[in-house]
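*Asks:* This structure is in structure tokens; I'll ask about it shortly.
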Amino acid sequence: MKRFDPKSYETKWQEQWLESKIYSAKDNKDLKKKYVLEFFPYPSGAAMHVGHVRNYAIGDVIARSSRMHGFNVLYPMGWDGFGLPAENYAIKNKLSPKVAIKQNTDKFKKQLNQMGFSYDWDREINSTDPDYYKWTQWFFLLLFKKGLAYQQESLQWWCPMDKTVLANEQVENGQCWRCGSVVEKKALKQWFFKITDYADRLLDDLEDLNWTDSIKNMQRNWIGKSKGAELDFLVENKDSFVRVFTTRADTIYGATYLVLAPEHPMVEELITDENRQKVKEYKKATEAKSDIERQETNREKTGVFTGSYAVNPATKEKIPVYISDYVLVGYGTGAIMAVPAHDQRDYDFAMQFNLSIKQVVEGDEKLEDHAIVAEGKMINSGKYDGLPSSEAREKIVADLEHNKTAKEVTNYRMRDWLISRQRYWGAPIPIIHCDDCGAVAVKEEDLPVLLPDMDNFEPSGDGRSPLANDQDFINTKCPKCGKDAKRETDTMDGFACSSWYFLRFADPKNNEKAFEKSLSDLWLPVDEYIGGAEHAVMHLLYARFWTKVMFDEGLINFKEPFTALRNQGMILAPDGNKMSKSKGNTIEPDELISNGYGADSIRILELFLGPWDQSVNWSTEGLSGTYKFLQRVWNITTKNLDAFKSKEMHADKEIEMLKNKLVMKVTKDIEKMSFNTAIAAMMQFVNEMYLIEAKGNFSKFSFAAALSDLLLVLAPFAPHITEELWHDIGNKESIHLQNWPKYDVKLTQSEKVKLVVQINGKLRDLIEAENNLTDEQIQQLAMNSEKVKPHLSGKTLKKVIVVKNKLVNFVV
RNA sequence: GGGCGAGUGGCGGAAUUGGUAUACGCGACAGACUUAAAAUCUGUUGACUGAAUAAGUCUUGAGGGUUCAAGUCCCUCCUCGCCCACCA
């Protein structure tokens with residue numbers, strides 16, 4: 001008997017699988033397809049730890065079980081190689097990014113292979129490969145031609161550490177999403193993608209997606225659609241007016257002052273001489289504040305009076321105009337009408353500055369120490385009194401619209417996607433600047449615009465990309481007029497590369513096109529997309545946007561790239577903290593494998609620790625449990641190899657039942673992604689097989705058939721041990737090419753059932769009975785139970801409830 | 001403040017969707033094997049009362065309710081996690 005030793009067979013099979021290409025997807029539209037994909041990794045130099053492994057383990061179980069169910073599965077892997085972490089890693093280690101990426105992807109690939117994941121490596125892609133980014137540039141030009149890529153000078157988020165601008169989505173709490181530095185504002189001319197044109201479609205199409213509500217809500221929240229109105233307030237003694245945005249036009253009678261953002265262009269005009277000094281100081285103080293400070297909530301409200309007054313168009317009252325940093329210049333019109341009675345922020349401000357508070361909506365609440373935000377009935381609002389606030393809102397806007405002082409507007413919080421980066425390691429933006437013709441697209445036949453090799457590619461911080469220092473790169477001819485011209489030197493945000501990579505997997509080697517439509521028709525959309533929730537408003541929004549652009553262009557036939565999205569829970573360190581290199585609490589699979597546990601034990605533990613979508617703490621003790629389980633599978637199989645050669649044919653009912661129950665349970669659990677209970681069922685099955693074996697005198701035929709099915713249902717979880725044993729029991733072909741075993745529901749039920757006997761809902765006895773007895777028979781049987789009798793004697797039976805094949809409850 | 005999710009043994013977690021709460025695993029304890037230990041195999045293991053592997057009582061964050069029956073449904077409240085947040 002061979003000793004259980006994962007080292008003795010895991011590498012052997014990994015090599016054999018790679019060589020025989022058993023996981024390759026077939027470009028055959030007659031087969032039923034399934035596209036399983038994990039977010040493609042960022043080879044930044046950090047080693048893969050057990051937290052990452054869970055992500056891939058989930059995908060691999062889905063891919064493998066789908067293959068066994070007869071699907072033609074596309075399960076590819078590639079590298080998101082451009083971007084800051086890779087470049088910073090290269091700088092730190094004094095390597096060229098190209099070399100660094102090669103090293104890191106090689107290492108990552110080795111780590112993936114040693115876990116036995118079933119990727120189709122023939123479709124491997126790398127976003128830093130010119131054959132790939134040629135098409136990223138091609139898509140840029142498509143957006144450019146459609147008017148969806150434009151250049152604009154404006155104040156932008158600037159990361160002083162990474163020395164580049166950042167998109168709104170990449171600034172978290174006023175900090176750079178990558179390095180955590182406090183971001184600054186810098187005025188630069190930048191490239192944008194007009195994602196706001198697609199705001200409504202990005203919002204509406206979320207409905208039909210099989211994504212978690214949490215991610216959908218994050219996207220809804222990010223897009224931030226809000227319907228309201230813009231209202232004009234005349235400035236007293238001037239011709240001008242202040243335009244405000246509000247979603248609560250119904251409360252206009254309660255607007256007792258206006259507030260402008262300190263950066264609002266009209267501020268200068270509104271300042272009166274006696275207030276000039278104070279306003280200037282306030283503006284200066286605001287500028288000095290970092291955005292972290294400004295975004296601090298529950299901060300005391302600050303602001304200053306401009307000296308000017310406006311006229312409330314409803315009440316005709318004179319109301320003061322303030323500036324305050326609680327109004328943001330970037331949203332709406334940068335100015336608000338303040339209704340302290342019905343908005344908490346305005347309420348706080350009014351209390352601070354002793355401004356009047358006027359209630360105009362009446363509800364259940366009383367106006368005491370906070371604003372009443374709820375809808376209600378109008379009061380103190382002239383002819384609108386008595387109307388429900390929602391109705392008043394429409395009427396007031398309509399009436400003001402008559403005087404051309406109001407307009408219905410929809411606002412979005414989402415901004416256009418800033419995609420220029422002043423960094424070296426990215427796909428060059430394929431634009432040529434000509435003094436006469438302006439920004440001109442590079443001709444398609446001249447793509448790719450190659451990223452030149454540079455010795456010094458560190459960012460200078462002057463707002464220009466390092467590419468600006470390469471004269472050979474920048475000097476070129478205008479594609480339109482042929483005159484001397486200069487290349488754009490900014491590179492694209494790495495998220496541009498990842499906005500279409502899932503399409504390239506359908507046709508990864510195409511030199512003529514980004515992909516052939518027939519192949520994208522065949523494979524896309526992605527059926528199962530698996531990854532962490534951290535990309536909720538970045539990658540997942542950008543990729544949806546590009547997909548819609550491609551759909552509009554007729555390049556593809558679907559509007560949403562990812563039909564189902566699965567967000568796996570994190571694996572935390574045993575101490576409950578996130579695993580990170582800096583904390584020194586990471587656990588890498590490599591060491592566990594070399595300790596002899598083997599990849600299979602790790603894979604199983606990743607899924608067994610708890611539900612896949614919940615965070616769990618890693619437990620190395622748990623690993624000895626899953627190891628022991630596999631060892632038991634190994635031992636019972638290798639000890640009974642003779643059973644597989646047995647000629648006897650009589651079936652053992654008990655074993656058949658166990659087998660059918662196992663296959664049914666695992667099949668259903670994989671379907672609902674309940675991997676932890678599927679594994680528990682397999683463990684339980686093995687425990688029961690041990691007991692049967694110990695009793696002796698069992699049908700070898702049934703025993704062998706049951707073990708064989710166990711190997712099949714275990715194969716997606718533990719591909720190595722099952723492959724090894726599958727061959728040991730006499731098979732020639734790979735277990736991973738087998739069909740999923742079938743089960744018979746009828747055989748999962750035994751002839752006898754356990755009946756629960758309750759008195760007043762309390763368990764009193766368990767009795768074994770024939771299947772399908774009548775209610776009367778069951779009741780009679782239960783009443784005869786010795787344990788039940790004493791509880792019934794001397795009492796009157798009020799009611800008897802019988803649930804067939806399950807339970808009797810006597811109510812006394 | 002808004003959204004999403006969660007609270008079950010010493011620990012990670014199960015529970016056919018209203019029908020035996022604590023499956024499976026870890027840990028702990030005991031037995032077999034062994035000169036011995038490890039490994040392996042076999043038991044026991046929610047708490048309390050009891051010699052008891054007799055019997056009973058209690059138990060799913062807290063408190064109420066609906067029901068023959070509640071971890072599951074309803075109401076009130078508490079705690080924790082994640083994401084968003086002065087967006088008018």
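Just so you know, all these numbers are worked out from the coordinates, no wet-lab data involved. Treat the numbers as computed from the prediction; the structure is a model and nothing was measured. Here the Cβ positions follow ideal geometry from the backbone for every residue, glycine too, while neighbour counts run over all protein chains shown.
*Asks:* Given segment A:88-171, what whole percent of its Cα pairs are spread farther than 21 Å?
*Replies:* The calculated P(r) of segment A:88-171 puts 59 percent of pairs beyond 21 Å.
*Asks:* Sticking with this structure for a sec: Could you size up the charge dipole of segment A:145-209 around its Cα centre, putting +1 on the beta carbon of Lys and Arg and -1 on that of Asp and Glu, and report it in debye to the nearest 20?
*Replies:* That gives a dipole near 580 debye.
*Asks:* Using the 10 angstrom Cβ neighbour count as an exposure proxy, how do A:Leu565, A:Leu258, A:Leu155 rank, fewest first?
*Replies:* Ranked by crowding around the Cβ, least crowded first: A:Leu155, A:Leu565, A:Leu258.
*Asks:* What percent do you get for the relative contact order of segment A:672-812 when only Cα pairs under 8 Å and 6+ apart count?
*Replies:* 17
*Asks:* May I pose another question? Taking N as the number of residues in segment A:658-697, what value does Rg over Cα atoms divided by 2.2 N^0.38 Å take?
*Replies:* Expressed relative to 2.2 N^0.38 Å, the Cα Rg reads 1.28.
*Asks:* Sticking with this one: I'd like the projected area of segment A:665-791, averaged over all directions, using the convex hull of its alpha carbons. Report it in nm² with one decimal.
*Replies:* 11.2
*Asks:* Net charge within 11 Å of A:Val50 by Cβ-Cβ distance, Lys/Arg positive one each and Asp/Glu negative one each, not counting A:Val50 itself?
*Replies:* Every neighbour counted, the sum reads -2.
*Asks:* Return P(r) of segment A:603-681 (all Cα-Cα pairs; 5 Å bins starting at 0; whole %; ordered from short to long distances).
*Replies:* 3, 13, 16, 20, 19, 13, 9, 5, 2, 1
*Asks:* Starting with the fewest neighbours, write out A:Val745, A:Val811, A:Val756 ranked by other beta-carbon atoms found within 10 Å of each beta-carbon.
*Replies:* Least to most surrounded, the residues fall as A:Val745, A:Val811, A:Val756.
*Asks:* Another question, then. Determine which lysines satisfy two conditions relative to A:Lys789: a Cα distance under 24 Å, and not lying fewer than 8 residues away in the same chain.
*Replies:* A:Lys752, A:Lys754, A:Lys762, A:Lys798, A:Lys799, A:Lys804, A:Lys806
*Asks:* In whole Å, largest first, what are the principal axis extents of the Cα atoms in segment A:70-133?
*Replies:* Sorted from largest, the Cα extents of segment A:70-133 read 48, 27, 15 Å.
*Asks:* Before anything else, pin down the relative contact order of segment A:421-536: Cα pairs under 8 Å, at least 6 apart, normalised by residue count, whole percent.
*Replies:* 28
*Asks:* Tally Lys and Arg at +1 and Asp and Glu at -1 over the other residues with C-beta under 14 Å from the C-beta of A:Phe562: what net charge comes out?
*Replies:* Every neighbour counted, the sum reads 0.
*Asks:* Would you mind computing the Rg to Rh ratio of chain A from its alpha-carbon coordinates, Kirkwood style for Rh?
*Replies:* 1.07
*Asks:* What do you get for trypsin sites (Lys or Arg not before Pro) in segment A:576-658 restricted to DSSP loop and a cutoff of at most 14 other Cβ within 10 Å of the site's Cβ?
*Replies:* Within segment A:576-658, the qualifying trypsin sites (Lys or Arg not before Pro) (loop, at most 14 other Cβ atoms within 10 Å) are A:Lys578, A:Lys581, A:Lys583, A:Lys647.
*Asks:* Extent of segment A:727-805 along each principal axis, from alpha carbon coordinates, in Å, largest to smallest?
*Replies:* So the three principal-axis extents are 70, 22, 18 Å.
*Asks:* Before anything else, pin down the relative contact order of chain A: Cα pairs under 8 Å, at least 6 apart, normalised by residue count, whole percent.
*Replies:* Normalised by residue count, the contact order of chain A is 14 percent.
*Asks:* How big is the Kirkwood radius of segment A:360-499, worked out from every pair of different alpha carbons and given in Å to one decimal?
*Replies:* 20.4
*Asks:* Also: Measure out, as a whole number of angstrom, how far apart the alpha-carbon centroids of segment A:66-132 and segment A:619-640 sit.
*Replies:* Computed from Cα coordinates, the inter-centre distance equals 32 Å.
*Asks:* From the helices alone, meaning DSSP H stretches of at least four residues, give me the mean residue ellipticity at 222 nm for chain A, per-run term -39500 (n - 2.57), in deg cm²/dmol to the nearest 500.
*Replies:* The per-residue figure over chain A is -10500 deg cm²/dmol.
*Asks:* Moving to a separate point now. Return one number: the angle in degrees, 0 to 90 and rounded to the nearest 10, between the long axis of the Cα atoms of helix A:389-402 and the longest principal axis of the Cα atoms of chain A.
*Replies:* Computed tilt is about 40 degrees.
*Asks:* If you don't mind, another one. To the nearest 10 degrees, how steep is helix A:653-671 against the longest Cα principal axis of chain A, on a 0 to 90 scale?
*Replies:* Roughly 10 degrees between the two axes.
*Asks:* Using 0.36 nm times the number of residues separating A:Asp5 and A:Glu751, minus their current alpha carbon distance, what extension gain do you get?
*Replies:* 264.5 nm
*Asks:* Could you size up the charge dipole of chain A around its Cα centre, putting +1 on the beta carbon of Lys and Arg and -1 on that of Asp and Glu, and report it in debye to the nearest 20?
*Replies:* Value, rounded to 20: 1900 debye.
*Asks:* Can you give me the distance in nm between label points at A:Lys762 and A:Lys483, each placed 7 Å from the Cα along the Cα-to-Cβ direction?
*Replies:* Modelled inter-label distance: 9.8 nm.
*Asks:* Moving on to the next point. Sorting A:Arg464, A:Arg544 on the 10 Å Cβ count, fewest up front, what's the list?
*Replies:* A:Arg464, A:Arg544
*Asks:* For segment A:202-289, with equal point scatterers placed on the C-alpha atoms only and solvent neglected, what are the log10 I(q)/I(0) values from the Debye formula at q = 0.10, 0.17, 0.26 1/Å, to two decimals?
*Replies:* Debye curve over Cα of segment A:202-289, log10 I(q)/I(0) at q = 0.10, 0.17, 0.26 Å⁻¹: -0.48, -0.89, -1.26.
*Asks:* May I ask for the angle, rounded to the nearest 10°, between helix A:276-288 and the longest principal axis of chain A, with both axes built from Cα atoms and the value confined to 0 to 90°?
*Replies:* Orientation of helix A:276-288: about 30 degrees from the principal axis.
*Asks:* By its C-alpha gyration tensor, with a ≥ b ≥ c as the square roots of the eigenvalues, how is segment A:430-502 shaped: rounded for a/c under 1.5, else prolate for a/b larger than b/c, else oblate?
*Replies:* Oblate shape, in that a/c is at least 1.5 and b/c is the bigger or equal ratio.
*Asks:* Next question, about the same structure. Summing Lys, Arg as +1 and Asp, Glu as -1, what charge do residues with Cβ under 11 Å from the Cβ of A:Ala705 carry, A:Ala705 excluded?
*Replies:* Cβ neighbours under 11 Å give a net charge of -1.
*Asks:* Hey, if you put +1 on the Cβ of every Lys and Arg and -1 on every Asp and Glu Cβ in chain A, which of A:Ile767, A:Ser324, A:Pro479 ends up farthest toward the positive end of that dipole?
*Replies:* A:Ile767
*Asks:* If packing is taken as the mean number of other Cβ atoms within 10 Å per residue, what is the order of A:266-274, A:70-78, highest first?
*Replies:* So the peptides A:266-274, A:70-78, ranked by packing, come out A:70-78, A:266-274.
*Asks:* With the Cα gyration tensor of segment A:304-343 in hand, convert its eigenvalues to equivalent ellipsoid semi-axes via √(5λ) and list them largest first in whole Å.
*Replies:* Working from the Cα gyration tensor, I get semi-axes of 18, 13, 10 Å.
*Asks:* Taking each pair of different alpha-carbon atoms in segment A:316-381 once, compute 1/r for the pair, average those values, and report the inverse of that mean as the Kirkwood hydrodynamic radius in Å to one decimal.
*Replies:* 12.9 Å is the Kirkwood radius here.
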